[in-house]
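The structure appears right after this line, and notes come after that.
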Amino acid sequence: MRLIDHWAYANRLRRVDPVFKAFVSASTLTAALLLNRVPSSLVGVVGLTLIAVVWAGIPWRVFGAVLLAESSFLVLSAFGIALSLQPATGWPDATGVSIGIARVTWSDTSVEAAARVFSRALAGCAAVNLLALTTPVIDVIALLYRLRLPTPLVELMSVVYRAIFVLLDSLDRMRVAQDNRLGYAGFRQGFRSAAMLATRLFLDAYQRSQRLHTAQLSRGYANQFTVLETAYSRDRALIWAGSALLILMLAAGAWQ
C-alpha cells in the first residue's frame, strides 16, 4: 500500500487529468473482458506495462512486483479451473496423474479456460495498477465526484483509505513495543501477543473513528468533504496511446 501511494505522487503522469488515465485503464479492462482471448489480454498487459514504465517513469521492478503479487493468487485460481481431482478408478483413460487413491486430471478445454481466465484477470490487474500507480487517491476521489457517484459512497472510500495508513502506523508501533518486551519469544507467547495486538488495534480503530467524527462536526461538516480542486494538464497523446492499444488488442483477438 505504501509503495503504491508513493509512486502515485512520484510518477511523471501525476499532473495529468485522471480522466485520461481512467480512459486507458477502463478501455483496456473492458476490451480484455469482452474479447476473452489470451493474445488480446497479453497485448493489453504488455501495453499497460510499457505505458507505466516508459511514459509514467515507474520502475519496472515496482510495477512487476505489484503485478506478480496479484498474479500469485490468479495462478491458484487457474489451477483450480484446469485441474480436477477424481477417484483413481473413476476415469482411467483421462489425462492425468495418479496420487494415491486420487487422480488429478485435466483436458484441453479446461486448460484453455484456465488460460483465458488467468490472462483476462491479469490484464484487469494491470489496468487497475496503472491507474493506482499514476493517480493519487485524492485525484481518484475528485474523479468520482465528477462522475456523479453518490457522495456518501465516495466519502466512505476516502475515509477508509486514509484509515488504512493510520492503522498500519499503529500496527507497526504496537508490534515494535511487543518485540521490545519479548512478546514473541515463543510460540505460545507469540500467539497471545498477536491476539492482544488484534484486540488493541480494533479498539484503536474504533476510538479514532469517534474522534474523527467529532472533529468533522466541530469543523462544520455538512455531509460532504470540501477540498481544493487540482489544476490538471491534458495529455491527449495518452488517449491516442490507449486507442492504439485497443486496436492492437482487437487485432490480436482477430488473429487468434
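Across 39, 18, 150, mean-square fluctuation computed from a Gaussian network of the chain (C-alpha pairs under 10 Å connected) peaks at 150. Relative contact order of the chain, taken over Cα pairs closer than 8 Å and 6 or more residues apart, is 36 percent.
Summing -39500 (n - 2.57) over the DSSP H runs of n ≥ 4 in the chain and dividing by its residue number, what mean residue ellipticity at 222 nm do you reach, to the nearest 500 deg cm²/dmol?
After summing the helix terms and dividing by the residues of the chain, the value is -24500 deg cm²/dmol.
Counting neighbouring beta carbons within 10 Å and listing from fewest to most, the residues 229, 112 come out as 229, 112. Considering only 38, 19, 176, the Gaussian network model of the chain with Cα springs below 10 Å gives its largest mean-square fluctuation to 176.
Exposure proxy for 16, 160: other Cβ atoms within 10 Å of each Cβ, ordered fewest to most, give 160, 16.
No value in this document is a laboratory result; all are computed from the given coordinates. Predicted model only: the values in this text are computed from it and were never measured. No Cβ is skipped: glycine too gets one built from the backbone with ideal geometry, and neighbour counts run over all protein chains shown.
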